[in-house]
Amino acid sequence: MTLVVQMQDTGTTAAHDPLLSYTITTTPSPLKASPENPEVPEEIGEIVIAVARQSGDPADVKSLRLQVPAGSMSPDLATDLARITSRITLDGWSSRLDADAQEFVFTPAASHTPIGPETGFTIQLSDIPMSRKVGTSPLTLTEESRTGTSAFQDRTTVFNIGKFPADFYLRNFLCEPSIIDNGGDVKLTWERSANATYHLLYPGFERDVTNRMSLELEGITSDTTFYLRATTGDPSNPVTRILASQVTVLKPDLEIGNLTVNGDVTIAGEITEKVTIAGDLEVTGKVQAGLLGDRDKSLWAFPLQAATGWSRRFDTDVLFVGFDATQILNVSIGEGDDTITMKNPANATFTVPVPRGTQLYIRPDRDTMLTCAVMPLGS
């Protein structure tokens, strides 16, 4: 399943930012461009957009308009919009095609509909006759919305949807072993077609692996997420697909900035002159030794309660590393049908990538403390 997520940060929403959040899935994954031979029938695709309101305050929505480029060029998604079936699951709403604007328009029977956090719905485009040119198609979704008694405004979001060659594939990107000791080695393997260029990305490196299907790496000292990026199509409008795999390092090396501790901190190893405190250290409790790095990243410890758990949304894509919890942790990313869950053993380190605006929720089986580091992806 191809997943494209757009979410606003409810704490920093600008005046013209969308008031709703959107998650797009496609079938097949990824979408396939139709054969260039016009005598051959088009490939058929489907797009489903899950819509929700993240903030606790309802938003009034007057209309939703989804512009889908159609034609025979690389940026066009479909060959004929009239053959697409459009649906919306919101009660009292209907859809129609504005052919001149190349838009599917969704409107309520009333003047507008309040959308609160308890109201989720989907927009579906099915039976899409896919364009015959490989490339990336921009889908523009415009919500006419407001909060309170303010005037309705158009708020626009653009999703870039790729159409890949029919014989393209990139799958089974694995990192083995997935848990190693500090300084251990890993082997990355993947399956791919020959009609693309491939690059492997991880902190500090971008390596061309077009002619490879595996790579061995030595001396991994910290939890690492690897990204395998495939690029194909016309260089003027290429399509890109990215898969991720990760390794967890037991007792990893950490580089951090400020440290706030609300409890006791114990360091089992020897403190040497190589340890540098390069930021503020605020402690409530007993400190036996402290380690801080010199990068602009954050590390903190806090109590986790089994009754309530802990959740957070970040204003940028981050890598979240948790460790030193003495209880089993139930970790989930996302909400609804798109939630990804995992159960982390006691005293084990875990690393999860968290997209911007996506909810991270952690609940222990029993009350415990958790130490964590948050690192912006790409740093």
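The values are calculated or read from the model by the stated rules, or taken from the named source; none is laboratory data. Because the structure is a prediction, the values reported are computed rather than measured. Heads up, the Cβs are rebuilt from the backbone with ideal geometry, glycines too, and the neighbour counts pull from every protein chain shown. Note: accessible area is taken over every heavy atom of the protein model, side chains too, but ligands, DNA and RNA are not part of it. Shrake-Rupley method; radii C 1.70, N 1.55, O 1.52, S 1.80 Å.
Along Cα→Cβ, 7 Å out, is where each label goes; now give me the distance between the ones at Trp300 and Asp317 in nm to one decimal.
Distance between label points: 2.4 nm.
Taking volume of the Cα convex hull per residue in Å³ as the quantity of interest, determine which of (i) 162; (ii) 187; (iii) 201 was computed from the displayed structure.
Only one option fits the structure, namely (i).
Taking all protein chains in place and a 1.4 Å probe, what share, in percent, of the accessible surface of the chain do carbon and sulfur account for?
Details: 9130 of 18920 Å².
Taking all protein chains in place, the chain shows 48 percent carbon and sulfur surface.
From Cα pairs below 8 angstrom and at least 6 apart in sequence, can you work out the relative contact order of the stretch 132-255, rounded to a whole percent?
Numbers: 265 pairs, mean separation 32.1, N = 124.
Relative contact order for the stretch 132-255 comes out at 26 percent.
GNM, the chain, Cα, under 10 Å: largest mean-square fluctuation among Leu228, Leu259, Leu215?
Leu215
At 1.4 Å probe size, with every protein chain present, just tell me what the per residue accessible area of the stretch 203-259 comes to in Å². Show your work: numbers first, answer last.
Working: 3130 Å² over 57 residues.
On a per-residue basis, the stretch 203-259 sits at 55 Å².
Over the stretch 298-348, average the accessible area per residue using a 1.4 Å probe and give it in Å², no decimals.
51 Å²
Val40 label point, 7 Å along Cα→Cβ, cut-off 19 Å on backbone N: hits in the stretch 94-134?
The answer is 128-134.
Find the relative contact order for the chain and round it to a whole percent, using C-alpha pairs within less than 8 Å whose residues are 6+ positions apart.
12 percent
Can you tell me which of Arg96, Arg132, Arg313 moves the most in a GNM of the chain? Springs connect C-alpha atoms under 10 Å apart.
Arg96
Straight-line reach from Lys133: which aspartates and glutamates have a Cα under 18 Å away, not including same-chain ones fewer than 8 places off?
Of all the aspartates and glutamates, those that pass the test against Lys133 - Cα under 18 Å, at least 8 places apart if same chain - are Glu36, Glu39, Glu42, Glu43, Glu46, Asp76, Asp80, Asp167, Asp234.
Tell me, what is the per residue accessible area of the stretch 1-151 in Å², probe radius 1.4 Å? Present the calculation step by step, with values, prior to reporting the outcome.
Details: 6650 Å² over 151 residues.
For the stretch 1-151, the per-residue accessible area is 44 Å².
Quick check: with the 1.4 Å probe, what order do Val40, Val318 take by accessible area, largest first?
Largest to smallest exposure gives the sequence Val40, Val318.
Order these peptides, 46-59, 170-183, by their mean beta-carbon neighbour count within 10 angstrom, highest first.
The packing order, highest mean first, is 46-59, 170-183.
Sketch the reach of a paramagnetic label on Glu144 as a point 7 Å from Cα along Cα-to-Cβ, and name the residues of the stretch 21-59 whose backbone nitrogen lies under 18 Å away.
59
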